[in-house]
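A quick write-up on the structure given underneath.
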Amino acid sequence: MAETKFLNYKGKPLVRKKNEIFYGDMSEKNVVRFIINSTADDKGIELANDVSIQLIRNDSDEPIEKRVVKESKKSSLFEALDLGFTWLERALA
């Protein structure tokens, strides 16, 4: 069976499906979920301009809405990644 390769950010996998991005190792107790709520065109490049961030427990027995530990919103994907990285590092420490 071939191993799947994922894009990594600061040593952890980033996986995108449509407007959602999950950050973190699914075998750890927490991961971060980014939801791209809207985008804007900037010189022909589509950029996220409204991103929801959620630190969630990695417990598949409950619906994802009940596993949210923290949540916030940012106006760019870079800001969202920065905050999500900090939350995840603190949660896993």
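The values are calculated or read from the model by the stated rules, or taken from the named source; none is laboratory data. The structure displayed is predicted, hence computed values, not measured ones. FYI the Cβ positions are ideal-geometry reconstructions off the backbone, even for glycines, and counts take in every protein chain you see. We work out accessible area using only protein heavy atoms, side chains counted, and drop any ligands, DNA or RNA first. Shrake-Rupley method; radii C 1.70, N 1.55, O 1.52, S 1.80 Å.
Pairs please, first residue from segment 76-93 and polar (S, T, N, Q), second anywhere and surrounded by 17 or more Cβ atoms within 10 Å (Cβ to Cβ), Cβ atoms under 9 Å, 6+ apart in sequence or on different chains.
Ser76/Ala48; Ser76/Val51
Any idea which of (1) within 17 Å of Thr86 (Cβ to Cβ); (2) in a strand (DSSP E or B) is the one Asp25 doesn't satisfy?
Exception for Asp25: condition (2).
Taking the residues in segment 28-55 that are in contact (Cβ under 8 Å) with a residue 40 or more places away in the chain and assigned to a strand (DSSP E or B) as candidates, determine which candidate is farthest from Arg90 (Cα to Cα). Break it down into steps so the answer makes sense when it comes.
Start the filter on segment 28-55 by keeping residues that are in contact (Cβ under 8 Å) with a residue 40 or more places away in the chain, which leaves 28-32, 34, 36.
Retained after the next criterion (residues that are assigned to a strand (DSSP E or B)): 30-32, 34, 36.
On the way: Asn30: 10, Val31: 11, Val32: 12, Phe34: 17, Ile36: 23 Å.
Step by step, filter segment 28-55, then rank; the result is Ile36.
Of the residues that make up segment 57-71, is at least one more than 19 Å from Lys12 (Cα to Cα) and touching a residue at least 40 places away in the same chain (Cβ under 8 Å)?
There is no residue in segment 57-71 that is more than 19 Å from Lys12 (Cα to Cα) and touching a residue at least 40 places away in the same chain (Cβ under 8 Å).
Just wondering, is there one or more residues in segment 49-66 that are crowded, with 17+ Cβ neighbours inside 10 Å and of a type in the set (Gly, Ala, Ser)?
No.
Could you list, in sequence order, all residues of segment 1-22 that are more than 18 Å from Glu65 (Cα to Cα), of a type in the set (A, V, I, L, M, F, W, C) and either outside any loop (DSSP other than H, G, I, E, B) or open to solvent by less than 60 Å² (accessible area, probe 1.4 Å) (or both)? Talk me through it step by step, then tell me what you get.
Residues of segment 1-22 more than 18 Å from Glu65 (Cα to Cα): 1-16, 18.
After this cut, where a residue has to be of a type in the set (A, V, I, L, M, F, W, C) as well, the list is 1-2, 6-7, 14-15.
Residues satisfying the conditions are Leu7, Leu14, Val15.
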